[in-house]
Amino acid sequence: MKTTFSRSFFAYAVILLAALLLVGVSFQFLVRNFLTEQVYEDLKSDSAAVAQIASAYLRQDTVNSQDFLVSLAVAERVSGNDTVICDAQGQILLCSSAPLGCAHQGLAITSRDYLQKVTAETFVVSSGLVEGLYTDNRYVVSTAIRGPGEEFLGLVMVSAPTANTQSVLKRISDIYLFVSVLVVLAAVVIMTVYARKSSSPLRDMARTAAAFGHGNLKARAQVPEDAPEEIRDLALAFNNMAQSLEKIEHGRKEFVANVSHELKTPMTTIGGFVDGILDGTIPPQQQEKYLQIVSGETKRLSRLVRSMLDVSQMQDGVVPEEKKSRFDITECAGQVLITFESKINDKQLDVQVSFPEHPVITYACRDYITQVIYNLVDNAVKFCPQGGSLGLSVREGGQKVFVRISNNGQTIPAQELPLLFERFHKLDKSRSQNRDGWGLGLYIVKTLVCAHGEDISVSSADGTTEFTFTLPLAN
């Protein structure tokens, strides 16, 4: 299984090894070049010194003199480099390793191109195997021996084994390899600790998510303060999501409980009366009375179904533009008020209407706004006491239209005001009063107003309750 730790470790290991390899190759290349240049500089210096000394002896034909041989041997001992002296024809005259006689004497440099190159240049630098002279690879520097008139008297070939440089490079490589192993081991330990520490919050979040998925809606991700910012952001997002889901689940359970409670009473009533009619408990002369009750309860259930359908259709929360139109809000509110004429007269309510004298044009869905005003006026009439007052006003302010519906009666407690727009919420917890309502009216009102991008508010004080919502002004 590919975990975060294994992925991180593999990535870090590849990067570290690539970096060490690149540094090692670069360092080896630089050191090799430095040592090679240093060897060539030493060989050039030695060859120039030997050529200067050998020039005098060659002119006097005393190259085999005791003084020159001793000087050559001392120079070879001090520098550690081998020196070969040749005449103008490339014939080897003597070697510093055996100035009194060596196996190389009598041999000759047969390459005319090489002799011409030595004649033309100050130093001729080469490396590799010098066939006939040495059996190992060497760094070689050849310098011409010249007389006073710059005539070519011979050449000096100074060389040093490449094995010495290779030995130094090997020691450096061994040290670098040893240090690299220590660095890799230390990096493995550090990356292991770091990766496990970094992945620990993710494992905790995975366990929390699993617990949440198994029904523990209270589960929340706990992240230490020193965790990376990205993990803290992820934990915050997860907790917000969990809180939202918990709230949705609570709302769902409450919705089911409320619907079940609302359905229980009318269904029990309907079932009891129908059974009473069927089994003869209710006499024939009273059956019509109870059938009317059954009919009323059926209509109440039908209204509940329609209200729930309205709620489900408004879940998108936005009113399509094709449903909007320009209309006079005062005319719309007046027509709604007329539909309640009978109920207003029955309660002998004092209606106070305040509309501007000119049309107030708004841009919204007329059907939805009609339903908003209808639900608010219906509530105002329903909860207004006998002989009370009902208010309906429309006013303009800035780029908004303010519609206010008010009534006098019992003051709503302050703690209940924020809950009025929730589904199935009723002030009477026993639900013994207002059996015609389902607690969906104000929820639908708020949903429709907010779907237009507007606001609705409620206030209740000193026996007067006011609902006010806004609409865009399109005059």
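Values quoted throughout were computed directly from the atomic coordinates according to the rules given, and no laboratory measurement underlies them. Being a predicted model, the structure only gives us computed values, none of them experimental. Note that each Cβ is placed from the backbone with ideal geometry, even for glycine, and that neighbours are counted across all protein chains shown.
In terms of other Cβ atoms within 10 Å, ASP226, ASP204 run from fewest to most in the order ASP226, ASP204.
Can you sort PHE340, PHE10, PHE467 so the residue with the fewest Cβ neighbours within 10 Å comes first? Walk me through the intermediate numbers first.
Numbers: PHE340 20, PHE10 11, PHE467 24.
Final ranking by Cβ density, sparse to dense: PHE10, PHE340, PHE467.
Here the residues PHE34, PHE355, ranked from fewest to most Cβ neighbours within 10 Å of their Cβ, fall in the order PHE34, PHE355.
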